[in-house]
Amino acid sequence: MAEQERGVAAFSLHTTEWLGVTMTDSAAKRIIQLSLDGKVIQLNVKASGCTGYAYVLDQHEAPTADALCFEHLGAQLYVPLSAMPFLDGTEVDYVRQGLNQIFIYHNPKAKALCGCGESFGV
C-alpha cells in the first residue's frame, strides 16, 4: 500500500535498476567502425514524428555527463540517463535491407509505431 501512496513521485532516474541496452554482433561491429576516429557513439531519443519519438544515433566528442555505457565485443554505446525510460531493454541491430544497411531498434517499450517506421510511442 505504501508503494501506491508514493505513486510517480517515487520514480528516480538515478535509483532505478535498468535492464540496459544491448547490441547484436553486427551492431557492435558497425559501432566499432564508427568509433575509429576517436568519437563516441550515443543513442538518444527526440520528440518527432506522428507517434512521438525518434531514435537518434550519432557521434560525439565525448559522452554526455550522465550517459550510461553499454559494451559488447569491444563496442561502446552511450545512452543518456534521461533517455533510459524510453530505451531500457532495447536491442540495437545492424542489418542489410536490399542495397541499404541500417540500424534497427527492437524496443519492448514501443507501444505504437508510425506507418513509415520513423517514430515510436511509449
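Would you kindly derive the ³J(HN,Hα) couplings of the stretch 69-80 from the backbone phi angles with the Karplus curve 6.51 cos²θ - 1.76 cosθ + 1.60 (θ = phi - 60°), listing them in order in whole Hz, with x for Gly and Pro?
10, 10, 10, 7, 6, x, 7, 10, 10, 9, 9, x
Take the alpha-carbon centre of the stretch 51-70, take the same for the stretch 81-99, and report the distance between them in whole Å.
11
Under the Karplus relation 6.51 cos²θ - 1.76 cosθ + 1.60, θ = phi - 60°, what is the ordered set of whole-Hz ³J(HN,Hα) values for the stretch 91-100, x standing for Gly and Pro?
After applying 6.51 cos²θ - 1.76 cosθ + 1.60, I find 10, 9, 10, 10, 10, 9, 10, x, 8, 9 Hz.
Is any residue of the stretch 31-64 close enough, with backbone N under 14 Å, to a label point placed 7 angstrom from the Cα of LEU81 along the Cα-Cβ axis, and if so, which?
Label zone hits: 64.
Quick check: residue separation of PHE103 and VAL56 times 0.36 nm, minus the Cα distance between them. What number comes out in nm?
15.9 nm
Tell me which residues come under 5 Å, amide H to amide H, from THR90 once H is placed; ignore anything under 5 positions away on its chain.
Result for THR90 returns THR22.
Once fully extended, how much extra length lies between GLU91 and LEU36, figured as 0.36 nm per residue of separation less the alpha-carbon to alpha-carbon distance?
Result: 17.6 nm gained on full extension.
Only sites in a loop by DSSP and with at most 15 other Cβ atoms within 10 Å count here; which GluC sites (Glu not before Pro) in the stretch 45-104 make the cut?
GLU61
Of all the Cα-Cα pairs you can form in the stretch 18-121, what percent are over 22 Å apart?
Percent of Cα pairs beyond 22 Å in the stretch 18-121: 27.
Values in this text are rule-based calculations from the coordinates and carry no lab data. This structure is a prediction, so every number in the text was calculated from the model and none was measured. FYI the Cβ positions are ideal-geometry reconstructions off the backbone, even for glycines, and counts take in every protein chain you see.
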